[in-house]
1. For an R0 of 35 angstrom, estimate the FRET efficiency from the Cβ-Cβ distance between Arg39 and Ala157 and round to the nearest 0.05.
2. Which pairs in the list Lys34/Lys65; Lys7/Lys34; Lys7/Lys95 are over 22 Å apart, alpha-carbon to alpha-carbon?
3. What is the mean projected area of the alpha carbon convex hull for the stretch 61-118, to one decimal in square nanometres?
4. Quick check on the chain: helices-only [θ] at 222 nm, where DSSP H runs of length 4 and up contribute -39,500 (n - 2.57) each and the sum goes over total residues. Nearest 500, please.
5. Where the convex hull is taken over the Cα atoms of the stretch 1-102, what is its projected area averaged over directions, in nm²?
6. Can you tell me the dipole magnitude for the chain around its Cα centre, using point charges on the Cβ only (Lys, Arg +1; Asp, Glu -1), in Debye to the nearest 20?
7. Output the peptides 21-28, 8-15 sorted from most to least packed, where packing is the average of other Cβ atoms within 10 Å over each peptide's residues.
8. Over the Cα atoms of the stretch 39-163, how large are the radius of gyration and the largest Cα-Cα distance (Dmax), in Å?
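Derivation of every value follows stated rules applied to the coordinates shown; laboratory data play no part. Given the structure is predicted, the values throughout are model-derived calculations rather than measurements. Every residue, glycine as well, gets a Cβ built from its backbone with ideal geometry; the counts of neighbours run over all protein chains shown.
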Amino acid sequence: MSNEILKALLAQEQELQFRQFNNDTAWLLGDSLKQAAERIPAAVTIEVYAFEQVIFSFSMARTTKDNQDWARRKRQSVMRFGHSSYYLGRYNAAKKRDFEMQAHLDASEYAAHGGSFPIRIKNCGLIGAVTVSGLPQVEDHNLVVEAIKYLVEAQYAQSASKI
């Protein structure tokens with residue numbers, strides 16, 4: 001079972017790559033996540049990090065400093081290992097080890113709990129991460145994936161209509 005989950009998570013990362021990404025895209029992504037969280041309703045912290053800076057950050061009412069810290073730690077994991085934080089957690093669980101307890105990691109800097117997803121530009125590579133913190137990890141992950149999927153599909157549809 002865990003092998004199928006890992007394959008599905010890797011397939012998401014392969015599929016959900018932007019045609020282009022800039023500060024305006026970061027804003028659209030962050031705002032899309034905020035609106036989705038409001039519809040649930042959920043109290044989450046949202047961060048879009050790209051080009052070595054936080055471009056979008058929003059903490060909803062009822063979040064705490066801990067949500068921001070979790071977001072930072074999950075983002076750090078994505079940026080270091082190049083995979084979603086949920087994948088990293090599931091991968092290490094399959095290996096029967098605790099991600100944060102590995103000797104080469106500082107648990108105050110890294111976390112492998114769902115909610116942070118790599119931002120990649122097709123044929124270009126990893127340029128950032130989008131992170132949500134405040135829900136159970138699978139829900140954090142799914143919220144991010146759905147927002148990215150919507151924007152990526154819109155970009156490809158827009159480029160196809162120009163041809």
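1. Numbers: r = 23 Å, r/R0 = 0.65.
Rounded to the nearest 0.05, the efficiency is 0.95.
2. On the way: Lys34/Lys65 18 Å; Lys7/Lys34 29 Å; Lys7/Lys95 15 Å.
From the list (Lys34/Lys65; Lys7/Lys34; Lys7/Lys95), the Cα-Cα distance tops 22 Å for Lys7/Lys34.
3. Numbers: hull surface 16.2 nm².
Over all viewing directions, the stretch 61-118 projects a mean Cα-hull area of 4.1 nm².
4. Working: 5 runs with 83 residues, N = 163.
Calculated mean residue ellipticity at 222 nm is -17000 deg cm²/dmol.
5. Details: hull surface 31.2 nm².
Mean projected area of the Cα convex hull: 7.8 nm².
6. Values: 19 positive and 18 negative charges, 57 e Å.
That gives the chain a dipole magnitude of about 280 debye.
7. Values: 21-28: 16.2, 8-15: 14.2.
Those peptides, ordered most packed to least, come out 21-28, 8-15.
8. In order Rg, Dmax, the Cα atoms of the stretch 39-163 give 15.1, 52 Å.
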